[in-house]
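*Asks:* A single structure is presented below for examination.
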Amino acid sequence: MSEKTLRHIGIVMDGNGRWAKSRGLPRLMGHREGIKAVERTIRAAKDLGVPYLSLYAFSTENWKRPKLEVSGLMAMFKFYTNAKIEEINRENARMRFAGDLDALPSDVREVLRAAEERTNGNTGLELIICLNYGGRQEILGAIDKMLAGGVRPPVTEQDLRNYLYLPDVPDPDLLIRTSGEQRMSNFWLWQGSYSEYYFTDKFWPEFGKEDLEQAISVYYGRERRYGKA
Ligand code: IPE
Ligand code: IPE
Ligand code: MG
């Protein structure tokens, strides 16, 4: 029998730049349009009763982009978190971040931390924004902290997990990527080892509730064997 639970959906929100380019717009306009897809997807996840939704917003490799794009994205993270946090809070959703926030500009970091604190006690949807997130960096950071914490070999899976960004969040059951690229680009490396993958050619700004439903329905049609016969 296949495993039929669906607790955590992770999404690589890709294709904002190409969406903009195909319309002759600057890349940042694609990111701005992408925010609307974020709002649609959060609402859909809530309606569909998905307990955990993680959104890959900025990777540890995305610093390689033009300065203007990076600073524009940082400004958007700050602006939209500020603008939306009360609504998120009213809906009993909890907003958390996975990634190295210490490397972000301090004004951005403060807004994100405040959003986490504001929604800390909420019991509805857990919205996880992966920001300055990299799976390899997460694992390396966990190893550093384990060594500093005096964990002795042999290290167990649970030892390592305890030092990842959000150890209490269940592993993603379903990982979605938009824009036609079929790779994970350093997303949930440890946690995604048995996730089901779903790819769509749509650019992220075009993603909506019916796409999420489609991905979920494909997921339920799959058989997860975890190595068993
Ligand atoms: C959004 O899509 C992902 C972010 C890093 C914010 P992209 O900006 O990667 O869009 P494409 O891949 O260039 O089309
Ligand atoms: C992955 O998308 C990171 C995010 C969506 C935040 P990228 O566009 O950065 O990935 P690559 O460069 O195509 O692998
Ligand atoms: Mg991309």
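*Asks:* Using the Karplus curve 6.51 cos²θ - 1.76 cosθ + 1.60 with θ = phi - 60°, what ³J(HN,Hα) values do you get for each residue of the range 95-104, in whole Hz, with x for Gly and Pro?
*Replies:* Computed from phi, the couplings for the range 95-104 are 9, 9, 10, 10, x, 8, 6, 4, 8, 8 Hz.
*Asks:* Counting only residues 5 or more places away or on other chains, whose amide H sits under 5 Å from the amide H of PHE97 once H atoms are built in the peptide plane?
*Replies:* Those qualifying (amide H under 5 Å, at least 5 residues apart or on another chain) are ILE129.
*Asks:* Please turn the phi angles of the range 205-220 into ³J(HN,Hα) values with the Karplus equation 6.51 cos²θ - 1.76 cosθ + 1.60 (θ = phi - 60°), one per residue in order, whole Hz, x for glycine and proline.
*Replies:* x, 9, 6, x, 4, 5, 5, 5, 4, 4, 4, 5, 5, 5, 4, 5
*Asks:* What residues have an amide H closer than 5 Å to that of ARG7, excluding those fewer than 5 places away on the same chain, when H is modeled at 1.01 Å from N in the peptide plane?
*Replies:* ASP173
*Asks:* Shape verdict for the chain, please, from the Cα gyration tensor: rounded (a/c under 1.5), prolate (a/b greater than b/c) or oblate.
*Replies:* Cα axes put the chain in the rounded bin.
*Asks:* How many Å² of accessible area per residue for the chain, probe 1.4 Å?
*Replies:* I get 52 Å² per residue for the chain.
*Asks:* How much net charge surrounds GLU126 when only other residues with a Cβ under 9 Å from its Cβ are counted (Lys, Arg +1; Asp, Glu -1)?
*Replies:* Charge balance near GLU126 sits at +2.
*Asks:* Quote the FRET efficiency, to the nearest 0.05, computed for VAL70 versus TYR197 with a Förster distance R0 of 25 Å and r equal to the Cβ-Cβ distance.
*Replies:* 0.35
*Asks:* All other residues with a Cβ under 11 Å from the Cβ of GLN137 taken together, and with Lys, Arg as +1 and Asp, Glu as -1, what is their net charge?
*Replies:* -3
*Asks:* Near GLY10, within a Cβ-to-Cβ distance under 10 Å, what is the net charge of the other residues, with Lys and Arg +1 and Asp and Glu -1?
*Replies:* Cβ neighbours under 10 Å give a net charge of -1.
*Asks:* If contacts are Cα pairs under 8 angstrom and at least 6 residues apart, what is the relative contact order of the chain in percent?
*Replies:* After rounding, I find 30 percent.
*Asks:* Follow-up. Excluding same-chain residues fewer than 8 positions from LYS46, which aspartates and glutamates have a Cα within less than 18 Å of its Cα?
*Replies:* GLU86, GLU87, GLU91, GLU126, ASP173, GLU210, ASP211, GLU213
*Asks:* How large a share of the accessible area of the range 1-156, in percent, is made up of carbon and sulfur atoms when the probe is 1.4 Å and the other protein chains stay in place?
*Replies:* The value for the range 1-156 is 53 percent carbon and sulfur by accessible area.
The values are calculated or read from the model by the stated rules, or taken from the named source; none is laboratory data. All values derive from a computational prediction rather than experimental measurement. Positions of Cβ are backbone-derived with ideal geometry, glycine not excepted, and every protein chain shown enters the neighbour counts. Please note that ligands, DNA and RNA were not included when accessible areas were found on the heavy atoms of the full protein model with its side chains. Shrake-Rupley method; radii C 1.70, N 1.55, O 1.52, S 1.80 Å.
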